[in-house]
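Structure first, then comments.
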Amino acid sequence: MTSTVEWSRGSRRAHIEKDRQFLWREDTVALIARWVGLKPGMKVADVGCGLGYLGWTYWEFFGCGGSYLGLDLSVDLVCQAAESSRRWALQGQARFAAADAYHLPLPSGQVDCTMCQTTLMHVERPSEVMAEMVRITRPGGIVLCKEPDNLGSWARRTHSSLPPQTLREQMWAGRMGSIYAEGRRRLGRGDMGIGTKVPKMMADLGLVDIDARANDLVFLVLPPYKSSRERFWIHRAQERLQDDRAMQEWERDFKECFLAGGGSRSACDRYLRHCREQRGVTAELHRTQVEDGSYFACSALGGAFFCVRGVKPAP
């Protein structure tokens, strides 16, 4: 199965619906499309498609006369994606189907480009999912995987008007995050650091001409917040800081994975108390600083998000 988590509802639905709006710069998307070799008329499959994000993101580069097949374990998501595709899948064909990523419902060698984004990071056996992606790709076709290395995000520095973490707090968060990530892996929920491992996985499966790029997006917010991207990020941050249900979901997930990773219950409880306290302080400061126009922030948002391309060799 691609995931043991239901992504069609609640905060996880909000994540895949909202947070992908400004996940990649438009000029970077165009660069990747040329780099991959997307052309009108191609057949594209998207494994773990969610709401069809990769479909509408790259449609202008292959969709005219082409076809897109979105595959996801969630029946709810593929139904919603099929409905929304009527607005963007023009001059071509977009279809969606519920499918297990370990057993894709396609014959071998049928697709020009098989792609995924943040799919391998959520599966227990990512190499088996990638093997299926390779299988359905035609000889000479492309396999494209966009996956993050989220382990590094625990130590990412931000220059901001909000109070910074102390070095001790940063090291503490990194240690707690590492234990959480190990527990997540032990529970079969995937590898948070999968992004840097994808090229070797492709090589082990026989792909050639393997290359990788990194997301160049920077989280940059400066008053007077003129761009739609800045306004979106501010609004989204406020939503998250005020969403108690999402916080409770995160705490349950963190605790379960942290304990599975070998952490103690007392250490977990102490860390979660600290996170709750910091969240309350941050929420109020963020609100007041945005209102008086003093809020600013800059950090490398996408640098640990990799886009890896491999070619299936001809016999």
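The values are calculated or read from the model by the stated rules, or taken from the named source; none is laboratory data. It should be emphasised that the depicted structure is a prediction, and the values quoted were computed from it without experimental measurement. Using ideal geometry, Cβ is built from the backbone for each residue, glycine included, and neighbour counts are taken over all protein chains shown.
Against the conditions (1) outside the structural domain of Leu272 (by TED's automatic domain parsing); (2) in contact (Cβ under 8 Å) with a residue 60 or more places away in the chain; (3) surrounded by 19 or more Cβ atoms within 10 Å (Cβ to Cβ), Ser127 satisfies every one except (3). Scanning region 56-89 for residues that are hydroxyl-bearing (Ser, Thr, Tyr) and assigned to a loop (DSSP other than H, G, I, E, B) returns a single hit, Ser74.
Candidates are the residues of region 172-205 that are buried (at least 16 other Cβ atoms within 10 Å of the Cβ) and of a type in the set (D, E, K, R); the one that is nearest to the chain's Cα centre (by Cα) is Asp191.
To keep it simple, each residue is scored yes or no on (1) part of a helix (DSSP H, G or I); (2) in contact with a Pro (Cβ under 7 Å, 6 or more places away or on another chain); (3) under 23 Å from Asp292 (Cα atoms).
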| position | (1), (2), (3) |
| --- | --- |
| Tyr225 | no, no, yes |
| Glu230 | yes, no, yes |
| Met247 | yes, no, no |
| Trp250 | yes, no, no |
| Asp253 | yes, no, no |
| Glu256 | yes, no, no |
| Gly262 | no, no, no |
| Ser266 | yes, no, no |
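Within region 92-124, restricting attention to residues that are polar (S, T, N, Q) and buried (at least 24 other Cβ atoms within 10 Å of the Cβ), the residue that is nearest to Leu38 (Cα to Cα) is Thr114.
Take the residues in region 226-242 that are free of Cβ contacts under 8 Å to residues at least 60 places away in the same chain and surrounded by 16 or more Cβ atoms within 10 Å (Cβ to Cβ), then tell me which one is nearest to Thr282 (Cα to Cα). In this case the residue turns out to be Leu241. If you go through region 90-131 and keep only what is closer than 23 Å to Val311 by Cβ and either among the polar types (S, T, N, Q) or assigned to a strand (DSSP E or B) (or both), you end up with Ser108, Gln110, Val111, Asp112, Cys113, Thr114, Met115, Cys116, Gln117, Thr118, Thr119, Ser127. Could you list all residues from region 270-308 that are within 18 Å of Leu241 (Cα to Cα), outside any loop (DSSP other than H, G, I, E, B) and among the aromatic types (Phe, Trp, Tyr)? Tyr271, the sole residue that qualifies.
Say whether the condition of being out of contact with any helix residue (DSSP H, G or I) (no Cβ under 6 Å at 6 or more places or on another chain), at pLDDT 95 or above, of a type in the set (Phe, Trp, Tyr) and surrounded by fewer than 18 Cβ atoms within 10 Å (Cβ to Cβ) is met by at least one residue in region 244-262. Within region 244-262, not a single residue is out of contact with any helix residue (DSSP H, G or I) (no Cβ under 6 Å at 6 or more places or on another chain), at pLDDT 95 or above, of a type in the set (Phe, Trp, Tyr) and surrounded by fewer than 18 Cβ atoms within 10 Å (Cβ to Cβ). Within region 206-217, the set of residues being under 16 Å from the mean Cα position of the chain (by Cα) and not in a strand (DSSP E or B) comprises Asn215, Asp216, Leu217.
With the condition kept exactly as written, say whether any residue in region 205-224 is in contact (Cβ under 8 Å) with a residue 12 or more places away in the chain, among the aromatic types (Phe, Trp, Tyr) and closer than 24 Å to His274 by Cα. No, region 205-224 contains no residue that is in contact (Cβ under 8 Å) with a residue 12 or more places away in the chain, among the aromatic types (Phe, Trp, Tyr) and closer than 24 Å to His274 by Cα. Among the criteria (1) under 21 Å from Leu120 (Cβ atoms); (2) out of contact with any Leu (no Cβ under 7 Å at 6 or more places or on another chain); (3) not hydrophobic (A, V, I, L, M, F, W, C), the one Glu83 does not fulfil is (1). Of all the residues in region 1-23, those that are at pLDDT 85 or above and crowded, with 22+ Cβ neighbours inside 10 Å number 0.
Taking region 82-127 as the range and being closer than 11 Å to Gly48 by Cβ and among the charged types (D, E, K, R) as the test, only Asp100 passes. Residue pairs whose Cβ atoms lie under 8 Å apart, separated by 6 or more positions or on different chains, with the first residue in region 96-111 and assigned by TED's automatic domain parsing to the domain that holds Ser67 and the second in a loop (DSSP other than H, G, I, E, B) and of a type in the set (Gly, Ala, Ser), are Phe96/Gly52; Ala98/Ser74; Ala101/Gly48; Pro105/Ala99. Across region 185-205, a minimum of one residue is classified as outside the structural domain of Met121 (by TED's automatic domain parsing), under 13 Å from Gly261 (Cα atoms) and outside any loop (DSSP other than H, G, I, E, B). Within region 31-55, being in contact with a strand residue (DSSP E or B) (Cβ under 8 Å, 6 or more places away or on another chain), free of Cβ contacts under 8 Å to residues at least 60 places away in the same chain and in a loop (DSSP other than H, G, I, E, B) holds for Cys49, Gly50, Gly52.
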